[in-house]
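This report refers to the structure that appears directly beneath it.
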2 protein chains.
Amino acid sequence: MLIGELARQTGCEVETIRYYEREGLLSAPQRSSSGYRRYTAEQLGELNFILHCRSLGMSLADIRNLAAFKADHDHDCEDINLLIDQQIAKVHQQVEALRLLEQQLLALRDKCHESHAAADCGILQTLVEAAEGAPCVCHTPFGQDNHGHSQDYDHTAKKNGRSNKDRP
Amino acid sequence: MLIGELARQTGCEVETIRYYEREGLLSAPQRSSSGYRRYTAEQLGELNFILHCRSLGMSLADIRNLAAFKADHDHDCEDINLLIDQQIAKVHQQVEALRLLEQQLLALRDKCHESHAAADCGILQTLVEAAEGAPCVCHTPFGQDNHGHSQDYDHTAKKNGRSNKDRP
DNA sequence: CTTGACCCTGTAGTGACTACAGGGTGTGCA
DNA sequence: TGCACACCCTGTAGTCACTACAGGGTCAAG
């Protein structure tokens, strides 16, 4: 089948499918004489595997590793277990951080019940006073020793800059 | 104070401070004759405001809006409340999605208790069979009608491609 | 004068996509 | 046969919030 049909069957964007191929995640299909990609049922399964793992929040690198483990029948599955364990731990940490964040936001939200001018808004006042060093409801009630700016919300994927990849 | 001192006092990276200035989030400071940035205490407060909001998971765009509301004393705080409400709803959704994901991963993890060769690994078998259309423990026990690939894990910030920004 | 810490601008990269430019292919209809 | 439209292709660039680096300048202490 053509890439559009594969996209329809899997719910995955055409451009994402090409991206996965470029990233070496999905095997390159045969081409027609006009250069169109022609996918087999096996490759449909391949993509479904990838999408399934994506739906479980795994990174592309992890999925690549899993696929390698799958291809190597003699590989001990200890590594697979470890990979899933690490993913579970990561997600668990995210759940905890987000639940804390939710509580913090609700506490902040509670500072303003009615419509005011911005100058009188409890939310804004809290944020401004916190910026000036005052304690705030979004952070104080949880017994933290510091304001915890850098620990409160662990952004999902802290982006690093350049690697040495393809370095001249 | 110089940018390095500001970074030390706030726990924010020098490069991130410059980035916030470039993005128009933080006001540009005065410069010394050598071109070094010189920050005031007021700008320290400005940055703390930004960091505080970041710690609450707000996007830079939202923080920009909040700062604009703050500067406009006559602005009704209804928009501020709405912004915080939207943030609460977003975080809540993320919590729910991640909790579901955690359960899914635990169910999958439960398919393999001992060390096997990869060919016999319950986790891998589950993933492979799911890719072939079979029901799986990570998705089935929650009564979902479909495999839910595109809804299971809502990635934090789905990146869109090009906007028309700076379009010639 | 040298050294090391710090400063600057501009550019490029991270991860997982997503959009677009510019061009080619295939099919159905007038 | 020509046209219109849907689809295909490659290559490039952008999203978001950073993060890293190249190449060069400044400052202070030894």
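Coordinate-derived values only; no laboratory data. Everything quoted here is computed from the prediction, not taken from an experiment. Using ideal geometry, Cβ is built from the backbone for each residue, glycine included, and neighbour counts are taken over all protein chains shown.
Exactly which chymotrypsin sites (Phe, Trp or Tyr not before Pro) in the range B:1-65 are in a DSSP loop and have at most 14 other Cβ atoms within 10 Å?
Details: sites: B:Tyr19, B:Tyr20, B:Tyr36, B:Tyr39, B:Phe49; in loops: B:Tyr36, B:Tyr39.
When the chymotrypsin sites (Phe, Trp or Tyr not before Pro) of the range B:1-65 are filtered for loop state and at most 14 Cβ neighbours within 10 Å, B:Tyr36 remain.
Got the B:Glu96 label distances to the other copies yet, label 7 Å along Cα→Cβ, in nm, shortest first? Nearest first, the other copies' label points are 2.4 nm away. What is the distance in Å between the Cα centroid of the range A:1-29 and that of the range A:31-55? The range A:1-29 and the range A:31-55 have Cα centres separated by 5 Å.
What does the charge count near A:Arg31 come to, summing +1 for each Lys or Arg and -1 for each Asp or Glu among other residues with Cβ under 10 Å from its Cβ? Walk me through the numbers before you get to the answer.
Values: positive: A:Arg37, A:Arg38; negative: none.
Taking every other residue near A:Arg31 into account, the sum is +2.
Simple rule: put +1 on each Lys or Arg Cβ and -1 on each Asp or Glu Cβ in the range A:3-71, find the dipole, and look at A:His52, A:Gln30, A:Ile3; the Cα lying farthest toward the positive end is A:Gln30.
Magnitude of the Cβ-charge dipole of the range B:3-58, K/R +1 and D/E -1, about the Cα centre, nearest 20 debye?
On the way: 7 positive and 7 negative charges, 26 e Å.
For this selection, approximately 120 debye.
Summed over all non-identical Cα pairs, the Kirkwood treatment of the range B:1-88 gives a radius of 13.9 Å. With K and R counted +1 and D and E -1, the other residues having a Cβ less than 11 Å from that of B:Leu82 yield a net charge of -4. Summary for B:Glu132: label point 7 Å along Cα→Cβ; distances to the equivalent points in the other copies, ascending, 6.8 nm. How far, in nm to one decimal, is A:Ala61 from itself in the other copies if the label point is set 7 angstrom along Cα toward Cβ? Shortest first, please. Reported distances to equivalent positions: 2.9 nm.
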